[in-house]
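Just below is one structure, and these are the notes that go with it.
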2 protein chains.
Amino acid sequence: MTPTLFDIQVAAGRIRPYAHRTPVLTCQSLNERVGAQVFMKCENLQKVGAFKFRGACNAVFALSEAQAARGVATHSSGNHAQALALAARLRGIPAYIVMPSNAPAVKQAAVAGYGGLITLCEPTQAAREAALAQVVAETGAEVVHPYNDVRVIAGQGTVALELLAEAPDLDVVIAPVGGGGLLSGVALAVKALAPRVRVIAGEPAGADDAFRSLAAGQIMPSVAPNTIADGLLTSLGSLTFPIICQHVEQIVTVSEAAIIDAMRFVWERAKLIVEPSGAVPVAVLWEGKIDLRGLRVGVILSGGNVDLTRLPWQT
Amino acid sequence: MTPTLFDIQVAAGRIRPYAHRTPVLTCQSLNERVGAQVFMKCENLQKVGAFKFRGACNAVFALSEAQAARGVATHSSGNHAQALALAARLRGIPAYIVMPSNAPAVKQAAVAGYGGLITLCEPTQAAREAALAQVVAETGAEVVHPYNDVRVIAGQGTVALELLAEAPDLDVVIAPVGGGGLLSGVALAVKALAPRVRVIAGEPAGADDAFRSLAAGQIMPSVAPNTIADGLLTSLGSLTFPIICQHVEQIVTVSEAAIIDAMRFVWERAKLIVEPSGAVPVAVLWEGKIDLRGLRVGVILSGGNVDLTRLPWQT
């Protein structure tokens, strides 16, 4: 149940009419600070403001007509919920989104704005899963997991196809890791197309379950994660973990201070709005744990969804 | 003394090794709000964070070896000063920048960071001009005016070459207007290449000297301008005014509220950091003074230099 390069290439063709081919940008002051040539793959400029749209879109448009007619479903309070709702709207099918009752009003409004049909539940994992099972029982909708889904992993891997095409001869690609959908898809694509390129992940030190999982050789749960990078709180999945074990050279943990500094640097110097999770790969550049001097480094700015009235450098 | 299309094309070739070819991006929620297809030309992602680098770079690299050896000079406290300093550094020649003594420390530091040689003077127009004349007398440096210079106008016009190439069949192009360097260069290029395309300018109602100049048929000075769009405070120049009269269909004035709303919309939905001046063309889209429904509209996001600790929607 591991996607192949062909699955990722098919996904690229499938989502092409709907997803942005996001730009790959460079920033001289970033290059100078790091002493490397850095290529930013701007998934913060993707639809719904995050790479998540790719996987959701691939999953939705991979469904047969009969499956699609029954709709799709997930439980999520984050970018995946919005991504799935938009993808479903583009195909003209229902998206049933289970959200915890304490999800911020702005996130509920965003999902509803994309036409998602929201079911609120108690804010526990058990309640979320029960509510989702109930929705599926009633509708026959297809569940699309945020990351532990081959269609989603293949969709996220399309990020790497575009990055490698626009920034040839990279030495390293750095992606953030939460559940591992983006990282595993990117690692599969990179290693299939350009096995010489090293794939490295960035993870907040305050949510270092993937780092510990790689060290332990088994999935370690994320327990009480504490980080501003709220897109990276989840544990690895049964599909993403083995791919990451096989293809990812190293997971670099970064401090909260480095994340905030990286985020602010990208805002100030690259003029791009990146969310804390999306700034994690940039934080890797200056944590000094790997020597990148003189290299050509691709970094994936994974998303840009931020509350502009609550910035971490504001008091 | 009006640049030709050929001058602009030569400028494009001249600055190509140094300037970013900035992306042209679209944003579905912007299209839906406006009821048009909007193409954002992202000069906020240009070097030094603004289109100003194009004109400065063209001027610096157009100099003969003998001229260049004596350096370039200007008086400016804004983006032009940084742009000229960087362009000069790239050619390996001195840039003498006269700045008023009350220029923010962060702007002085930015110019110095690009290797600019700063002369501070009293914060009056007379003192600035006297200080610049003194510098030129001592060094023989070539003065590069921020906008009233054919080389600068031709450089700014390269924005339009790229926009028209990437977003074909535009109906309208909207640029902000301050001194008119960007607007006149863009208008020249657009009207030479695609005369059917309408060129419209956006200007803050609180600094509407260009609007009044067009109405009066002569350059009206900017008197006590009051707007958050601090890049658009200057009056038109003797070179830019006639070009604008000939080629610009209309200047649309926009309110401060519309500018701030447009700026926030671009940040939140397009994930791009745009400064107030750069958001003015977006504000034109929803001031409702021109009917853009169903059209293909290019807007030039002219710059992205903002103090991130002082945002207009923060209290």
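The values are calculated or read from the model by the stated rules, or taken from the named source; none is laboratory data. Here the structure is a predicted model, which means the values were calculated and not measured. Because the Cβ atoms are built from the backbone with ideal geometry, glycine has one as well, and the counts that use them run over all protein chains shown. Each accessible area value is taken on the protein alone, full model and side chains, heavy atoms only, with ligands, DNA and RNA left out. Shrake-Rupley method; radii C 1.70, N 1.55, O 1.52, S 1.80 Å.
On C-alpha positions alone, give me the angle between the axis of helix A:276-287 and the longest principal axis of chain A, in degrees, nearest 10.
Once rounded, one gets 20 degrees.
Using only C-alpha atoms and all pairs of different ones, pull out the Kirkwood radius for the range B:36-86 in Å with one decimal. Before the final figure, lay out the partial values.
Values: mean 1/r = 0.0817 Å⁻¹.
After inverting the pairwise mean of 1/r, the radius is 12.2 Å.
Going by amide H atoms built from the backbone, whose H comes under 5 Å of the H on residue B:98, apart from near neighbours?
Close amide H contacts, sequence-distant or interchain: B:74, B:75, B:76, B:119.
Only four residue types carry charge here, +1 at the Cβ of Lys and Arg and -1 at the Cβ of Asp and Glu. Report the dipole size of the range B:231-315 about the Cα centre in Debye, rounded to the nearest 20.
220 debye
Determine the shielding of peptide B:16-25 by partner chains: average, over its residues, the number of Cβ atoms on other chains within 10 angstrom of each Cβ.
On the way: counts 0, 0, 0, 0, 4, 0, 2, 6, 1, 5.
Shielding by partners across B:16-25 averages 2.
For chain A, with the dipole built from +1 on Lys and Arg beta-carbon atoms and -1 on Asp and Glu ones, taken about the Cα centre, which of A:157, A:78, A:265 lies farthest toward the positive end?
Looking along the dipole axis, the top candidate is A:157.
Roughly how large is the B-A contact in terms of buried accessible area, totalled over both chains, probe 1.4 Å, nearest 100 Å²? Mind showing how you got there, number by number?
Working: alone 12750 and 12730 Å², together 23470 Å².
Answer for the B-A pair: about 2000 Å² buried.
Chain B: D in µm²/s via Stokes-Einstein (Kirkwood Rh, Cα pairs, 25 °C, 0.890 mPa s)?
Rounded to a whole number, D works out at 127 µm²/s.
Rounded to whole Hz and in sequence order, give me ³J(HN,Hα) for the range B:197-206 from the Karplus expression 6.51 cos²θ - 1.76 cosθ + 1.60, θ = phi - 60°, writing x for Gly and Pro.
Karplus values, whole Hz, x for Gly and Pro: 6, 7, 10, 10, 10, x, 9, x, 4, x.
Computing the accessible area with a 1.4 Å probe over protein heavy atoms, can you report the carbon and sulfur percentage for the range B:67-180? Before the final figure, lay out the partial values.
On the way: 2200 of 4100 Å².
Within the range B:67-180, the accessible surface is 54 percent carbon and sulfur.
I'd like the per residue volume of the convex hull spanned by the Cα atoms of the range A:156-315, given in cubic angstrom.
Expressed per residue, the convex hull around the Cα atoms of the range A:156-315 is 109 Å³.
Under the classification rounded if a/c is under 1.5, otherwise prolate if a/b is larger than b/c and oblate if not, where does the range B:1-97 fall, given a ≥ b ≥ c as square roots of the Cα gyration tensor eigenvalues? Show your work: numbers first, answer last.
Numbers: a/c = 2.80, a/b = 2.02, b/c = 1.39.
It comes out prolate by the Cα gyration axes.
Can you list residues from other chains, or at least 5 along the same chain, whose modelled amide H is less than 5 Å from the amide H of residue B:202?
Sorted by chain and number, the residues that satisfy this are B:175, B:177, B:252.
Using each residue's phi in the range B:242-253, evaluate 6.51 cos²θ - 1.76 cosθ + 1.60 at θ = phi - 60° and report the 3J(HN,Hα) Karplus result to the nearest Hz, with x for Gly and Pro.
So the J values, rounded to whole Hz, are x, 5, 5, 4, 6, 10, 9, 5, 6, 10, 9, 8.
Calculate the dipole size of chain A relative to its Cα centre from +1 charges on Lys and Arg beta carbons and -1 charges on Asp and Glu beta carbons; express the result in debye to the nearest 20.
Taking the Cα centre of chain A as origin, the dipole is about 640 debye.
Step through the residues of the range A:157-162 one at a time and calculate ³J(HN,Hα) from phi using the Karplus curve (6.51 cos²θ - 1.76 cosθ + 1.60, θ = phi - 60°), rounding each to whole Hz and writing x for Gly and Pro.
x, 5, 3, 6, 4, 5
List the lysines whose alpha-carbon lies under 21 Å from that of residue B:41, not counting same-chain residues fewer than 8 positions away?
A:41, A:47, A:271, B:52, B:191, B:271
Using C-alpha positions alone, give me the convex hull volume of the protein assembly as shown per residue in cubic angstrom.
Convex hull volume per residue, Cα atoms: 151 Å³.
Using a simple charge model, +1 on the beta-carbon of Lys and Arg, -1 on the beta-carbon of Asp and Glu, nothing else, what dipole does the protein assembly as shown show about its Cα centre, in debye to the nearest 20?
Details: 50 positive and 50 negative charges, 182 e Å.
Approximately 880 debye in magnitude.
Among B:45, B:299, B:247, pick out the residue whose Cα is farthest towards the positive end of the charge dipole of chain B, where Lys and Arg carry +1 and Asp and Glu carry -1 on C-beta, about the Cα centre.
Looking along the dipole axis, the top candidate is B:45.
Angle, helix B:256-265 long axis vs. longest principal axis of chain B, Cα atoms, 0 to 90°, nearest 10?
The angle comes out at about 80 degrees.
Can you give the convex hull volume per residue for the Cα atoms of the range A:99-167, as a whole number of Å³?
134 Å³
On a C-alpha basis, how far is the centre of the range B:1-52 from the centre of the range B:64-94 in Å? Whole number, if you could?
Measuring centre to centre over Cα atoms gives 22 Å.
Rolling a 1.4 angstrom probe over the protein heavy atoms, how many square angstrom per residue are accessible across the range B:53-143?
That works out to 40 Å² for each residue.
Considering protein heavy atoms only and a 1.4 Å probe radius, which residues within the range B:28-54 exhibit an accessible-area decrease of no less than 50 Å² in the full assembly relative to the chain by itself?
Buried-area filter returns B:45.
Most fluctuating residue of B:219, B:259, B:290 in a GNM of chain B with Cα springs under 10 Å: which is it?
B:290
Distances in nm, one decimal, shortest first, from residue B:290 to the same residue in every other copy, taking the label point 7 angstrom along Cα→Cβ.
Shortest to longest, the spacings are 4.8 nm.
How much of the DSSP beta bridge set in the protein assembly as shown is antiparallel, as a percent to the nearest 5?
Roughly 10 percent of the DSSP beta bridges within the protein assembly as shown come out antiparallel.
Would you mind computing the Rg to Rh ratio of the range B:53-143 from its alpha-carbon coordinates, Kirkwood style for Rh?
0.95
Which of the residues in the range B:268-315 show a loss of at least 30 Å² in accessible area from their chain by itself to the complete set of protein chains, at a probe of 1.4 Å?
When all protein chains are present, B:271, B:273, B:308, B:309, B:313, B:314 each give up 30 Å² or more of accessible surface.
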